[in-house]
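Scroll down for the structure; my scribbles are underneath it.
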Amino acid sequence: MFYLSNRERVTANQLAEHFEVSRRTIFRDIYALTLAGIPIYSGEALYHNTNSYCDKSLITANSASGLDFAKDIITALQVYPQDVTEAWYQYFKVGNPELFSDLMNPANQ
């Protein structure tokens, strides 16, 4: 807060560089401060505190959510029917080999 109070405007990149953390960490911290009633982020309506976010014009994910990101892309592009996409996602998310048959059965019908 002291760092912010001495500046009129600061970017997430500047904060991340100064505190030697990722931009994602900065956005999480900003979100936490906002929840605590400290309004410091003017674009808070645009931030989504999720691993992966998808709307009509944007698909984005944090660095730890590649699988969620891939699922959102596959879903948005309608590459497979929804049940096949969900079976694929669950197979890779859980790593349970029994889910492979759930993945293959809808594709073979």
Simple spin-label estimate for Tyr80/Phe19, 7 Å along Cα→Cβ, in nm, reads 3.9
With a Förster radius of 30 Å, plug the Cβ-Cβ distance of Thr11 and Phe92 into 1/(1 + (r/R0)^6) and report the FRET value to the nearest 0.05.
0.30
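Where a number appears in this text, it was derived from the coordinates with a stated rule and is not lab data. Just so we're clear, the structure is a prediction, and the values are computed from it rather than from any experiment. Positions of Cβ are generated from backbone atoms using ideal geometry, with glycine treated the same way; all protein chains shown enter the neighbour counts.
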